[in-house]
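The values are calculated or read from the model by the stated rules, or taken from the named source; none is laboratory data. Because the structure is a prediction, the values reported are computed rather than measured. Virtual Cβ from ideal backbone geometry, glycine too; neighbours counted across all protein chains shown.
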Amino acid sequence: MSDVKAGPALDWLATLAVRGRAPRTGYDRALFGQAWADVDRNGCDTRNDVLARDLAAEETRPGTHGCIILSGTLRDPYTGTTIAFVRGQGTSGKVQIDHVVALSDAWQKGAQQWTTQRRTALANDALNLLAVDGLTNQRKSDGDAATWLPPSKAYRCSYAARQIAVKAKYGLWVTRAERDALGRILATCPSQGLPAAMSR
């Protein structure tokens with residue numbers, strides 16, 4: 001499936017294959033290509049593209065064609081808090097870019113069989129990336145919806161829909177526990193649609 005169109009997320013959840021988690025054996029971040037590659041060839045790496053998209057009042061470094069984000073304000077979807085981002089040693093990590101479907105999770109649910117090109121596409125797909133609170137992102141680690149959900153309950157329907165959108169787009173499967181967790185969330189918001197692909 002190339003692009004996922006908007007529609008009820010619950011309907012799309014029913015289309016996902018349900019299988020057991022494959023072993024993590026062999027997983028390496030390098031198998032998903034260069035970190036933050038410029039896959040859209042706009043001259044900016046993916047991390048800066050996502051910061052530019054998700055931060056408000058962002059300032060860029062002069063002479064970088066708007067690519068290097070120096071500062072901005074994030075309304076963190078995972079916690080509902082507002083975070084001031086300032087690029088620099090000891091400060092950049094306050095805002096991290098989360099793979100909504102973690103790459104390790106994808107590896108265990110279908111991506112082992114892919115080409116490096118396809119794995120690179122997933123790792124840099126704007127649909128699968130969000131700027132979020134760094135500490136919360138670290139706590140999530142490579143959890144799926146059965147083991148981790150955003151602390152902000154107000155965002156959980158959107159989060160579940162984004163998980164489903166990414167998995168449907170790339171043909172990744174879900175475990176039974178994961179499917180049930182996503183279904184419970186979306187039962188509280190049955191009209192929740194899938195997110196459109198988001199770009200800078």
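Only residues that are farther than 27 Å from GLU178 by Cα and under 18 Å from the mean Cα position of the chain (by Cα) were counted in the range 76-100, giving 2. Figure legend. Inter-residue proximity from the range 183-200: first residues under 16 Å from LYS169 (Cα atoms), second residues of a type in the set (Val, Ile, Thr) and modelled with pLDDT under 90, beta-carbon distance below 6 Å, spacing 6+ or different chains. Indicated pairs: LEU194/VAL4.
Return yes when ALA17 is within 23 Å of LEU194 (Cα to Cα), out of contact with any helix residue (DSSP H, G or I) (no Cβ under 8 Å at 6 or more places or on another chain), at pLDDT 95 or above and among the small types (Gly, Ala, Ser) and no when it is not. For ALA17, the condition - within 23 Å of LEU194 (Cα to Cα), out of contact with any helix residue (DSSP H, G or I) (no Cβ under 8 Å at 6 or more places or on another chain), at pLDDT 95 or above and among the small types (Gly, Ala, Ser) - is met.
Quick one: is ARG139 free of Cβ contacts under 8 Å to residues at least 24 places away in the same chain and either under 29 Å from SER71 (Cβ atoms) or among the acidic types (Asp, Glu) (or both)? Yes. For ALA123, indicate whether it is among the hydrophobic types (A, V, I, L, M, F, W, C), surrounded by 17 or more Cβ atoms within 10 Å (Cβ to Cβ) and in contact with a Gly (Cβ under 7 Å, 6 or more places away or on another chain). Yes: the conditions hold for ALA123. Scanning the range 149-182 for residues that are surrounded by 16 or more Cβ atoms within 10 Å (Cβ to Cβ), farther than 26 Å from ALA52 by Cα and not hydrophobic (A, V, I, L, M, F, W, C) gives THR175, GLU178, ARG179. Among the residues of the range 155-196, those that are outside any helix (DSSP H, G or I), more than 14 Å from GLY143 (Cβ to Cβ) and in contact with a strand residue (DSSP E or B) (Cβ under 9 Å, 6 or more places away or on another chain) comprise TRP173, PRO190, SER191, GLN192, GLY193, LEU194. Scan the range 68-83 and tell me whether some residue there is modelled with pLDDT under 95, among the aliphatic types (A, V, I, L, M) and closer than 30 Å to LYS109 by Cβ. No: zero hits.
Looking only at the range 127-148, residues that are in contact with a helix residue (DSSP H, G or I) (Cβ under 6 Å, 6 or more places away or on another chain), buried (at least 19 other Cβ atoms within 10 Å of the Cβ) and not in a helix (DSSP H, G or I) come to 4 in all.
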